[in-house]
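A.B. asks: Next up is a structure, given as structure tokens.
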Amino acid sequence: MKQRITAAILAGGKGTRLIAHKGLLEIEGKAIIKRQLEILRPIFDKIIIVTNSPQAYQDLDAALVSDIILGKGPLGGIYSALKQSDTLYNFIVASDMPCLNSLLIRYMSSKISGYDAVVPESGSRLEPLHAFYAKACLSVIENQLKNDNLKIIDFFPQVRVKKIGKEELSQFDPKQLSFVNINTLKDYEKVKW
């Protein structure tokens, strides 16, 4: 039987470098978040959007949830998604990543058994905002939030993490476009095909 998994799009962010709702930026006439939903819908049973501005996303066909603890950045978004999801495993992705790859996401989901997180390793860095997390991560994330340590990867040593290395990634996404995200106007101009 297929494991039920929720996808959660983190649509927070203060937009200090570009705009607050980067997922609403358009590429080829379509908002990034709408492109993401089209890719994620065939893969996942349920999709939630974590946002503190629900009015900006109310026309999308996804459940909207808010941050449980405000002002805690992406780690707070992951925590909120896991806490409010009704599935054991969850795929977490940032709303400003326009080049999701369904084959890679499906491959990563096939590796979750026996792990608390499945995280791609792009070059020498991990990509924690394009990763699978189990609810088992909740208590360690909560402790980290209490200590105001917002660096996502700092809780990884306390959970079972499966890293998806470059060789595995290259089978599905040789240019690693999945991890392109839009932080600045320059980034946006580069991906506006």
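The values are calculated or read from the model by the stated rules, or taken from the named source; none is laboratory data. Treat the numbers as computed from the prediction; the structure is a model and nothing was measured. Ideal geometry is used to build each Cβ from the backbone, glycine not excepted, and the neighbour counts take in all protein chains shown. Accessible surface is based on the protein model in full, side chains and every heavy atom, while ligands, DNA and RNA are left aside. Shrake-Rupley method; radii C 1.70, N 1.55, O 1.52, S 1.80 Å.
A.B. asks: Defining a contact as two alpha carbons under 8 Å apart and six or more residues distant in sequence, what relative contact order in percent does region 103-187 show?
C.D. replies: Relative contact order of region 103-187: 35 percent.
A.B. asks: Rg/Rh for region 148-193 to two decimals, with Rh computed the Kirkwood way over all alpha-carbon pairs. Write down the numbers at each step before the final one.
C.D. replies: On the way: Rg = 15.0 Å, Rh = 13.5 Å.
Dividing the radius of gyration by the Kirkwood radius yields 1.11.
A.B. asks: What are the ³J(HN,Hα) couplings of region 146-155, residue after residue, when phi is run through the Karplus curve with 6.51, -1.76, 1.60 and θ = phi - 60°? Round to Hz, x for glycine and proline.
C.D. replies: Whole-Hz 3J(HN,Hα) from phi for region 146-155: 4, 8, 6, 9, 9, 7, 3, 5, 5, 8.
A.B. asks: Picking from L70, L100, L40, which is most flexible by a Gaussian network model of the chain using Cα springs under 10 Å?
C.D. replies: L70
A.B. asks: While we're on this one: What is the percent carbon and sulfur in the accessible area of the chain, measuring with a 1.4 Å probe over the protein chains and ignoring ligands?
C.D. replies: The C+S portion of the solvent-accessible surface of the chain is 49 percent.
A.B. asks: Something else: Label region 104-193 by shape, choosing from rounded, prolate and oblate, from the square roots a ≥ b ≥ c of the eigenvalues of the Cα gyration tensor; if a/c is under 1.5 it is rounded, and otherwise prolate applies when a/b is larger than b/c, oblate when it is not.
C.D. replies: Details: a/c = 2.54, a/b = 1.33, b/c = 1.91.
Cα axes put region 104-193 in the oblate bin.
A.B. asks: Please report, in cubic angstrom per residue, the volume enclosed by the convex hull of the alpha-carbon atoms of the chain.
C.D. replies: 119 Å³
A.B. asks: If you roll a 1.4 Å probe over the heavy atoms of the protein chains, what accessible area per residue do you get for region 1-117, in Å²?
C.D. replies: So region 1-117 comes to 45 Å² accessible per residue, rounded to a whole number.
A.B. asks: Let me ask something else. Pairs to check: K34/K190; K46/K190; K83/K166; K162/K190. Give those whose C-alpha atoms are more than 25 Å from each other in this structure.
C.D. replies: The pairs that break the limit, which is 25 Å between Cα atoms, are K46/K190; K83/K166; K162/K190.
A.B. asks: Given charges of +1 on the Cβ of Lys and Arg and -1 on the Cβ of Asp and Glu, with all other atoms neutral, how large is the dipole of the chain about its Cα centre, in debye to the nearest 20?
C.D. replies: Using Cβ point charges on Lys, Arg, Asp and Glu, the chain gives about 180 debye.
A.B. asks: Does region 16-105 come out rounded, prolate or oblate, given a ≥ b ≥ c as the square roots of the eigenvalues of its C-alpha gyration tensor, rounded meaning a/c under 1.5 and, failing that, prolate meaning a/b above b/c?
C.D. replies: Details: a/c = 1.58, a/b = 1.08, b/c = 1.46.
Oblate shape, in that a/c is at least 1.5 and b/c is the bigger or equal ratio.
A.B. asks: With springs only between Cα atoms under 10 Å apart, run a GNM on the chain and tell me which of S124, S85, S53 wobbles the most.
C.D. replies: In this elastic network of the chain, the residue with the biggest mean-square fluctuation among S124, S85, S53 is S124.
A.B. asks: How much mean residue ellipticity at 222 nm does the chain get from its helices, if each DSSP H run of length 4 or more adds -39500 (n - 2.57) and you divide by all residues, to the nearest 500 deg cm²/dmol?
C.D. replies: The helix contribution divided over the chain gives -7500 deg cm²/dmol.
A.B. asks: A further question follows. So if we plug the beta-carbon distance of D61 and S102 into 1/(1 + (r/R0)^6) with R0 = 30 Å, what FRET efficiency do we get, rounded to 0.05?
C.D. replies: Taking R0 as 30 Å, the efficiency between D61 and S102 is 0.95.
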